[in-house]
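Contents: one structure, followed by commentary.
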Amino acid sequence: MSDKIEELKSAINDIIDKKCWAVSAGEGTGSVVGLYIGDKFLRKNELKNDKLEPILRKYDSELSLLISCAWRLDTLDEVLCSSTDSNENAGNMITNLLKLQDLEISSANITTPALDLKITFENNMTLHVFCNETNFEDDLPNYTFYTMGKNYLVDTKSRLEIIVEE
């Protein structure tokens, strides 16, 4: 296994025992989902995007995950929603994703070779992230994990790029 993949696995472990304090999804985002995890930091300049909740316009996050590939949210007993559901603001997808807010993350696992991600929350809800973006013509990322100082981009065909912020 490559050193870059080991570094991503280690970085993802930083979300364990931290709270997901916000979720972004819904109309205007397609099936893209953002999870904001750990400490909140006041932004130097508030974001102007009126599609975002006020808390996300005002605060940045210690750690965040932007998912643009296929995903599914389960409990121990049922499938709650997935990236193929309607993203209407009062719909099933949003209603269930918002249940992740204020929950602590109990585990996070990455499987190879695709770098699929499984995040389990304190109430046994599990978010499965399936890296299904494989078409180089579209050149779409699967997910990006943002940390303070580094961004881990799991790109088309699960190519991993580590971007160091300056």
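Based on Cα contacts under 8 Å between residues 6+ apart, the chain shows a relative contact order of 21 percent.
If you average the C-alpha positions of the range 52-76 and of the range 102-148 separately, how far apart do those two centres end up, in angstrom? When both Cα centres are located, 11 Å separates them. Loop-located chymotrypsin sites (Phe, Trp or Tyr not before Pro) in the range 20-108 (DSSP state other than H, G, I, E, B) with a sparse environment of at most 12 neighbouring Cβ atoms within 10 Å are absent. A simple spin-label model places pseudo-atoms 7 Å from Cα toward Cβ; at residue 17 and residue 111 they are separated by 2.7 nm.
Are there chymotrypsin sites (Phe, Trp or Tyr not before Pro) in the range 91-166 that DSSP marks as loop and that have at most 16 other Cβ atoms within 10 Å, and which are they?
Sites meeting the loop and neighbour criteria: 136.
Placing +1 on the Cβ of every Lys and Arg and -1 on the Cβ of every Asp and Glu, with nothing else charged, gives the range 51-166 a dipole about its Cα centre of roughly 60 debye. Size descriptors for the chain, from the alpha-carbon set: Rg then Dmax equal 15.2, 44 Å.
No lab work stands behind these numbers, since they all come straight from the coordinates. Small disclaimer: the values here were computed from a predicted structure and weren't measured. Positions of Cβ are backbone-derived with ideal geometry, glycine not excepted, and every protein chain shown enters the neighbour counts.
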